[in-house]
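Worksheet: the structure to be examined is printed underneath.
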Amino acid sequence: MNKKIKSGKDVIDEFFSEILNIEDVDQKTVEKLVELYKENNLTDRKIQNALEELKQAELNSKARNDGKD
Amino acid sequence: MAKIKSINISGIRGVKDLLTLDINKKSILIYGDNGTGKSSLTDAFEWLFYDRIGHLSNEEIGRKGRDALRNIFVPGNEDGYIEIKFDNNKLDIKKSIDSSISASTSNISDEFNDFIAASQSENLILRYRDLVQFIIASKTEKLTKLQNIIGFSEVADVRSLLKKNAGRIARNIKSSNYDNQKNVKQSIILENLGRNAHSDEQLFEGANELIKPLKLGIEIKSREDIKKVLKKIETKEDNALLEQINFFTRMWEVLSEVVGNVDNIHESYKSYHTIGKELKKDPEKIKKLQLLALLKEGQSVLKNDVVQDNYCPLCQQEKSKVQLIQELNKRIEELEQLAEEKNKLDEQAEELEQLIQPNINMIDSLLREKLFKKDKYEKLKSQIAEVKKSLNSFLYELKKGLSVAFAEPGKIKIDKNEFYIIVKQSQDTAKILTENQSSNIKFQIYTKLSQAVTAYEEYQRIEKEQGILSRQQVTFEGLYADFIKRQEEALNVFLTMFSQDIDDYYTTMNPNERVEDIKLVPIKKDGDLVGITIECSFFDEAKTFPIAYLSESHLNCLGLSFFLASVKAFNKENEFFILDDIISSYDRSHRARFAKLLTEKFSDYQVILLTHEQEFFELVSSDVKNKGWSIKNFKWTKNSGAGVEKGTVKIKERILKKFKEKNIDGLGNDIRVYTEKVMKEVAFNIEAPVAFRYNALNEKRMAPELLNAVQSRISKKGNGLKEKANITRVKGMPMFIGNTTSHDNEFNESIEDLEVMWENIENMIRTFYCNSCRKFMSVKYFDNVESKIRCGCGNLTYDWEK
């Protein structure tokens, strides 16, 4: 019985190890989530901050690119 | 996996002097009356493994129950301690508590620390009070408890995080109304450039067309080119005019954006109103919502055993604690459903506020424009302030309590037509101001180009932000969908296999009953896992576990089955578990099967089985002893506290002592057990035939069967013996008609009743037992000549047919 049952940790570990194979996901967002999980920092506040940082980084990087035209 | 070789306890709870149990990896059955220290053993284990004693952890006894852990009679210079030696000596541990309630442990190795850390999620102790907690818990509590046990609470946390973020991003996208923002920017571009610009190419085309009249000889091919052109045609003398144009353009822009959000605001308020109206249909229910916290507190008081006996702590009326918890769970579940509806209203309110507040902020910022300080714009300012007022009226509705009526959606709204008038005025004014300078074509083109470029850059930023958030939303929705699939698959595998074990254990204890195929089934609502229920086949019909129809004994069997299935599924470090007084409400048949379940299906485990039930102890001790278990009796003395009793329990002495002390607690049961023991001897000596049974089962003869057998034998063989023994009178006693330990025996004996019964039983026994030679009347002393049966010395002699 025990062999077939997955613990909660097994489920989460498997999810994060296969997360990049999930269709239509944004790679940078997913990489950030994996990083937070590995650092044991997967909290709502940390995710919100990370998403905002990613957004700002992308907006700024595009703005810089636009300026180069 | 760890098994225990020996346990030493001293100065903990009821144990004052050293209590030693050398069990050498064997299971053990421990009997002790209430107050003899059985629970001290369990408490000490709980403290050692979990560093707390759950049932002592309340406001009065602080520090996770540690304040009540140390025996109060232990001298101040001595420590209280529990010392366990395991089969793996690297795990041997002595945990002590000194007079200042500071704890220390002898083993600080990594191996031991890892062992204790891993043991935290294992099921090592089951007390009677915890037996049915899972069974009678609400569906949500069942899910939470189960997820905690199987380590799925973290899974639930991750799932909740993914869902929360997907929802939050979706709400942000909705409240930002990006399409509306982009439309406003395109309107400005169209107004100034004479065409829309969704790409750089379109912008450059429009810009080149715009600057043509200036004949600059420059072709705009980049944003940098636009900057160069703007610098080239910039004029300093019309700053005041430019300020005015920008002022009206900004007003046009802000108000256009606000007006574009009006429909969303109206729609959201309509939803808020509908949910609120539904909730207000039953104002009494809403009032009851205030009781939720009180009921939950009551539930916690009962579960934590603050009240020990079967009565309601509020009204002080007698009531079964299990029933009370069940009723509380039901009421809490009903109110939680209502609270869920209320949460929906709160969420809708949050969404509406999120939609309105940014618009108010934009208007506030607009009203701070320098030009609004001028008197000529006073009217315009007050018109815009009116818009803000109508937005605020929605927020005012949100602050109303549920006892006050909400304004109907038709009665509270923003008049878009009036709004459009101001928007149009602003747009026209900006245009007039720009185009009135027809003599200064350079200024016009400069203004239009700079307005168009600014709007285009903002348009692009909005579109990019929308794209990023939409990608994040798709990502989180995809992750959530994938994650719930994994969680449900894993949970279903677990529930299926776990249910099989529960069903196996339950049906072992309850064979040939119509409750079969017990399983734990997940409950979903709107695609979300919200609870777990217990289902079974009841009289061949699949239904939710019929708790209401089952006795406490059956519920306890189910609770025990759940615990034992958990032991098998999750205990990876420890191969022992403690069952503390869990058979109190089991009837006789369940007790026997329970012992069988432990010895047959848990023979690999080391079971520490504690009981204060003398009858149960008598019933199973020979069985479990045959299977290699140790048997011990606990006693309590004033000087030493709890300890192990030497020698066997002398039932008759205990009965006489109880009569002397007028103590009826368990006395009826003691008399029955004593009668059973004596009647076995009588039946043996007069060769009273009983039904054939195999091996140990042969010993399990209940008093009524033995009394019948003896009565039948002496009716056939003895002349006058039947009348003298008067077994019929004994058989009519309540303890032999039913089962005194059964929950449905309603006999409430008094000491006088029991005295009369005891006298009758002693009379009956004196018929068969000689106090002079201390021997039973027996067929081995049969006198063939005179056809008489007698005792060893001949004092007791009766006629006996050959």
In region B:182-233, which GluC sites (Glu not before Pro) fall in coil by DSSP and have 12 or fewer other Cβ atoms within 10 Å?
B:Glu219
Could I have the simple spin-label model distance between A:Asn21 and B:Tyr50, label points 7 Å from Cα toward Cβ, reported in nm to one decimal?
3.9
Quick one: net charge of B:Ser10's neighbours, Cβ under 14 Å, K/R +1, D/E -1?
-1
Mean separation of Cα pairs under 8 Å and 6+ residues apart, divided by the residue count of chain B: what relative contact order is that in percent?
19
Mind pulling up the Rg/Rh value for the protein assembly as shown? Radius of gyration and Kirkwood radius, both on Cα.
1.19
Per the charge dipole of the protein assembly as shown (beta-carbon charges, Lys/Arg positive, Asp/Glu negative, Cα centre), the residue among B:Phe204, B:Phe577, B:Val259 reaching farthest to the positive end is B:Phe577
The protein assembly as shown: antiparallel bridges as % of DSSP beta bridges, rounded to 5, reads 75
What order do B:Ser603, B:Ser271 take when sorted by accessible area (1.4 Å probe), most exposed first?
B:Ser603, B:Ser271
In terms of the charge dipole of chain B, which places +1 on Lys and Arg and -1 on Asp and Glu at the beta carbon, the residue among B:Ile173, B:Asn719, B:Leu491 farthest towards the positive end is B:Asn719
Quick query: amide H of B:Lys25 versus all other amide H atoms, modeled in the peptide plane; which residues come in under 5 Å with a sequence gap of 5 or more or a different chain?
B:Ile4, B:Lys5
Cα centroid distance between region B:141-200 and region B:91-111, in Å?
52
Once phi is turned into ³J(HN,Hα) by the Karplus curve 6.51 cos²θ - 1.76 cosθ + 1.60 with θ = phi - 60°, what whole-Hz value does each residue of region B:199-205 show in order, with x for glycine and proline?
9, 4, 4, 5, 5, 5, 4
Using DSSP to call loops (not H, G, I, E or B), can you name the GluC sites (Glu not before Pro) in region A:20-55 whose Cβ has at most 16 other Cβ atoms within 10 angstrom?
A:Glu23, A:Glu39
List the trypsin sites (Lys or Arg not before Pro) within region B:445-535 that fall in a DSSP loop (any state other than H, G, I, E or B) and whose Cβ has at most 15 other Cβ atoms within 10 Å.
B:Arg514
Area accessible to solvent at B:Cys315, 1.4 Å probe radius, in Å²
70
Based on Cβ point charges of +1 for Lys and Arg and -1 for Asp and Glu, what charge dipole magnitude is obtained for chain B about its Cα centre, in debye rounded to the nearest 20?
680
Return the long-range amide H neighbours of B:Ile631 (sequence gap of 5 or more, or a different chain), with a cut-off of under 5 Å between placed amide H atoms.
B:Leu29
Let me have the 222 nm mean residue ellipticity of chain B computed from DSSP H runs of 4+ only, each contributing -39500 (n - 2.57), with the sum over all residues rounded to the nearest 500.
-18500 deg cm²/dmol
Can you give the angle from 0 to 90° between the axis of helix B:751-768 and the longest principal axis of chain B, with both taken from C-alpha atoms, to the nearest 10?
40
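What does the C-alpha gyration tensor say about the overall shape of chain B? Classify as rounded when a/c is under 1.5, otherwise prolate if a/b is larger than b/c, or oblate.
The shape class here is prolate.
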Excluding same-chain residues fewer than 8 positions from B:Lys662, which lysines have a Cα within less than 16 Å of its Cα?
B:Lys652
Just report the Cα centroid separation between region B:317-342 and region B:263-307, whole Å.
14
Over what distance in Å are the Cα centres of region B:765-802 and region B:388-404 separated?
98
Accessible area (Å², per residue) of chain B, counting only protein heavy atoms and a probe of 1.4 Å
48
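About the Cα centre of the protein assembly as shown, how large is the charge dipole given +1 on each Lys and Arg Cβ and -1 on each Asp and Glu Cβ? Please answer in debye to the nearest 20.
Around 1260 debye, computed over the protein assembly as shown.
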Sequence-distant or interchain residues sharing an amide H contact under 5 Å with B:Ile12, placed H: which?
B:Asn71, B:Tyr81
Expressed to two decimals, region B:156-195 has a Cα Rg over Rh, using the Kirkwood radius, of 1.40
Of the options B:Ser102, B:Phe617, B:Thr144, report the single residue whose Cα projects farthest towards the positive end of the charge dipole of the protein assembly as shown (beta-carbon charges: Lys, Arg +1; Asp, Glu -1).
B:Phe617
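Strictly over 26 Å apart at the Cα level, which of B:Lys270/B:Lys388; B:Lys270/B:Lys424; B:Lys330/B:Lys568; B:Lys287/B:Lys388 would you flag in this model?
B:Lys270/B:Lys424; B:Lys330/B:Lys568; B:Lys287/B:Lys388
The values are calculated or read from the model by the stated rules, or taken from the named source; none is laboratory data. Quick caveat: nothing in here was measured; it's all calculated off a predicted structure. All Cβ positions, glycine included, derive from the backbone under ideal geometry; neighbour counts span all protein chains shown. Just so you know, the surface numbers come from the protein's heavy atoms only, side chains and all, with ligands and any DNA or RNA stripped out. Shrake-Rupley method; radii C 1.70, N 1.55, O 1.52, S 1.80 Å.
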